[in-house]
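Here is the structure we will look at, set down as structure tokens.
The values are calculated or read from the model by the stated rules, or taken from the named source; none is laboratory data. No experiment lies behind these values; they were computed from the predicted model shown. Methodologically, a virtual Cβ is constructed for each residue, glycine included, from the backbone with ideal geometry; neighbour enumeration extends over all protein chains shown. Just so you know, the surface numbers come from the protein's heavy atoms only, side chains and all, with ligands and any DNA or RNA stripped out. Shrake-Rupley method; radii C 1.70, N 1.55, O 1.52, S 1.80 Å.
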Amino acid sequence: PPYSWLNWSGARYTKSCMGTNIRTSMGVQGVIRTLLLIVGCVAILRGEDVKGAERELPSAQRTAVDVVLVIDASGSMLKTDPNNLRYEGAKLLLSFLGQGDRLAIVGFAGSAKTIRGLEPFSQTVAVDVSRQIEAIKTEGPYSDIAEGIKQGKAILEGSPRVEAQRVIVLLSDG
């Protein structure tokens, strides 16, 4: 399956999982739009109505999702995301994952580090995963987005599943 790229950055456009470009802006409005985009993309991939009403899909029709959260931990995030909304967005995404989905987490600044390998996700581990997200420390002056994406791609390619949609969610200021 193709990759779905989702990028929250200082760039003027965000590529959505549906292949459209959405104009974004920095600040609270940009963050809110990004969080809604993340929620919408995951809901679509899970077979849910974007408005929140879950469709009745037989489990055989529901597409499993392998998600890698690639989270910017560079020092510039102290200025562009002082309230750590990228962590809140990442935790919100967890509520849309379910049985059969897998999740990995990569933190990056000057280099990338795997925080959580691609492992099955269930709501019983959501609290522990939330703690892993919150434990990502802001460090280093540079954002090496390429390293974060490369690490995320390697994780997905290292354990592929034909039946799963592969998704990389990038949370960064660019």
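Using the Cβ of residue 125 as centre and a radius below 13 Å, the other residues enclosed give a net charge of +1, where K and R count +1 and D and E count -1.
Quick one: net charge of residue 162's neighbours, Cβ under 14 Å, K/R +1, D/E -1?
Values: positive: 102, 161, 166; negative: 66, 157, 163.
Local charge sum for residue 162: 0.
Working note: Karplus 6.51/-1.76/1.60 with θ = phi - 60° gives the range 119-135 the couplings 10, x, 10, 9, 5, 5, 9, 4, 5, 5, 5, 4, 5, 4, 5, 5, 7 Hz, where Gly and Pro are set to x.
Peptides 77-84, 156-163, 66-73 ranked from most to least packed give 66-73, 77-84, 156-163, packing being the mean of other C-beta atoms within 10 angstrom over each peptide's residues.
Among the protein heavy atoms, those of residue 124 account for about 120 Å² of accessible surface (1.4 Å probe, every chain in place).
In a shell of Cβ-Cβ distance under 12 Å around residue 150, excluding residue 150 itself, what net charge do Lys and Arg (+1) and Asp and Glu (-1) give? It would help to have the intermediate numbers written out before the result.
Details: positive: 153; negative: 144, 147, 157.
Charge balance in the 12 Å sphere: -2.
Placing +1 on the Cβ of every Lys and Arg and -1 on the Cβ of every Asp and Glu, with no other charges, gives the range 77-144 a dipole of roughly 60 debye about its Cα centre.
Indicate the gyration tensor shape class of the range 105-174 (rounded, prolate or oblate), computed on the Cα atoms with a ≥ b ≥ c the square roots of the eigenvalues: a/c under 1.5 is rounded; otherwise a/b larger than b/c is prolate and the rest oblate. In terms of gyration-tensor shape, oblate. For the residue pairs 79/153; 113/137; 91/137, the alpha carbons lie more than 20 Å apart in 79/153.
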